[in-house]
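The values are calculated or read from the model by the stated rules, or taken from the named source; none is laboratory data. This one's a predicted model, so the numbers in the text were calculated from it and none came from an experiment. So basically every Cβ, Gly included, is an ideal-geometry build from the backbone, and we count neighbours across all protein chains shown. Surface accessibility is based on the protein's heavy atoms, side chains included, excluding ligands, DNA and RNA. Shrake-Rupley method; radii C 1.70, N 1.55, O 1.52, S 1.80 Å.
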Amino acid sequence: QVQLAESGGGSVQAGDSLTLSCAATGSTVRYTMAWFRQAPGKERIFVGGISWDGNGPNYADSLSGRFEISRDNNKETLVLQMNNLKPEDTDVYYCAGRPGRKPSQQTYDYQYWGQGTQVTDAS
């Protein structure tokens with residue numbers, strides 16, 4: 001059984017950078033991992049995903065290259081580096097995992113989810 005736990009959320013201002021982490025228990029080495037975000041009352045949407053071997057991370061088009069995903073399979077950790085944050089980035093961020101190689105942008109394709117970490121607007 002895989003369990004995911006996000007950390008690193010906090011209060012940010014426009015232009016800040018923030019790093020989120022997702023620690024996995026249970027082996028996720030062969031899992032595709034992804035980050036999603038969700039605003040109050042809205043659907044959970046795809047931020048980016050990375051295949052089990054770390055190749056070809058892909059991102060939501062709206063991010064304009066501000067976010068970067070990486071993973072360390074030895075440490076069973078997924079990281080989301082967020083730069084030049086905007087007020088609209090203040091959501092709850094979730095990590096997700098699924099067996100297989102190719103990331104999906106659909107929430108229903110992921111079997112495992114963390115509880116989320118909140119990024120809030122400090123202004």
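Looking at segment 100-123, I want the residues that are of a type in the set (Phe, Trp, Tyr) and have a partner that is surrounded by 12 or more Cβ atoms within 10 Å (Cβ to Cβ) and part of a strand (DSSP E or B) with Cβ atoms under 6 Å, at least 6 apart or on another chain. Which pairs are those? Within 6 Å, the pairs are TYR110/ALA96; TYR110/ARG98; TYR112/LEU4; TYR112/GLY97; TRP113/TYR94; TRP113/ALA96. What about ARG44, is it among the charged types (D, E, K, R) and open to solvent by 50 Å² or more (accessible area, probe 1.4 Å)? For ARG44, the condition - among the charged types (D, E, K, R) and open to solvent by 50 Å² or more (accessible area, probe 1.4 Å) - is met. Put simply, of THR32, THR28 the only residue that is crowded, with 18+ Cβ neighbours inside 10 Å, assigned to a loop (DSSP other than H, G, I, E, B), in contact with a strand residue (DSSP E or B) (Cβ under 7 Å, 6 or more places away or on another chain) and among the hydroxyl-bearing types (Ser, Thr, Tyr) is THR28.
Among residues of segment 48-77 that are free of Cβ contacts under 8 Å to residues at least 24 places away in the same chain, none has a Cβ under 6 angstrom from a residue that is of a type in the set (A, V, I, L, M, F, W, C) and part of a loop (DSSP other than H, G, I, E, B) at a sequence gap of 6+ or on a separate chain.
One residue alone among VAL119, VAL92 is closer than 19 Å to GLY41 by Cα, in contact with a Gly (Cβ under 8 Å, 6 or more places away or on another chain), modelled with pLDDT of 95 or more and surrounded by fewer than 20 Cβ atoms within 10 Å (Cβ to Cβ), and that residue is VAL92. Looking across segment 74-88, the residues that are charged (D, E, K, R) and either touching a Gly at 6+ places or on another chain (Cβ under 9 Å) or crowded, with 19+ Cβ neighbours inside 10 Å (or both) come down to GLU76, LYS86. Looking across ARG71, ARG101, one residue alone is buried (at least 20 other Cβ atoms within 10 Å of the Cβ) and farther than 24 Å from ALA14 by Cβ. It is ARG71.
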